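Below: one structure, written as structure tokens.
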Amino acid sequence: MWNLSFQIENAQAAKEQRAIMQRIRDICDTLIPPDFQRRGLINALESLCYNFWQRTKTSGTGIECSVTAEEGINLDLLNIDKQLQCYRIVQECLTNIEKHSGAGGACVRIAKHSGGLNSILISVSDNGKGFSPPDKISVHALRAQGHFGLWDIFERAAFINAELNIESGASDGTVITLLIPLENERTGL
């Protein structure tokens, strides 16, 4: 009898160990997407948006999400650290859209900045209910108020020396724009 009980406990422990290992793999995939360097930022964002849409469809909110990249844009001009920070910013924007916006759709747009600067523009927009975005001064209070997502977006943008702008209003949806300079990067957009 003791031997059977021991085998059942071992089987249960092995099952729990497999579940824990899968959770760890999922967390690692979330931290750094698989093959991020090989596939590039645009493909990683496409996968992120597709998975976001599938997850929200399963949960009942069904937020369609698409990626539009300007033809011929070369994001390899951004070093891998900047690309990963951009990915994380978009990821957090999508999380906020899912949690707070009530949107039916979202879009990630990637383009060359048309203002004559050597930079890349990434925007994340939704058609949700909108909100009153923080100004540049009050953003520092976000963390203390428990708004870690918005605070994180601002911190990551500052880390890569990017300009972050949030446009939103009641029933107007939200557009978060990230302007990433290519200073000290390879040139030749």
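Any read-out appearing in this document is the output of simple, stated calculations on the displayed coordinates, not a laboratory observation. In this text the structure is predicted, and so the values were computed from the model without any measurement. A quick note on method: Cβ atoms are made from the backbone with ideal geometry, for glycine too, and the neighbour counts reach across all protein chains shown.
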Three principal axis lengths of the range 40-181 [C-alpha, angstrom, descending]: 37, 35, 24
Spin-label model distance (nm) - E71 vs S47, 7 Å beyond Cα toward Cβ: 2.7 nm
Sequence-distant lysines (8 or more away, or on other chains) whose Cα lies within less than 27 Å of K82: K99, K112, K136
Cβ-Cβ FRET estimate between A11 and T58, R0 fixed at 35 Å, reported to 0.05: 0.70
For S66, distant residues with modelled amide H under 5 Å away: A106, C107, V108
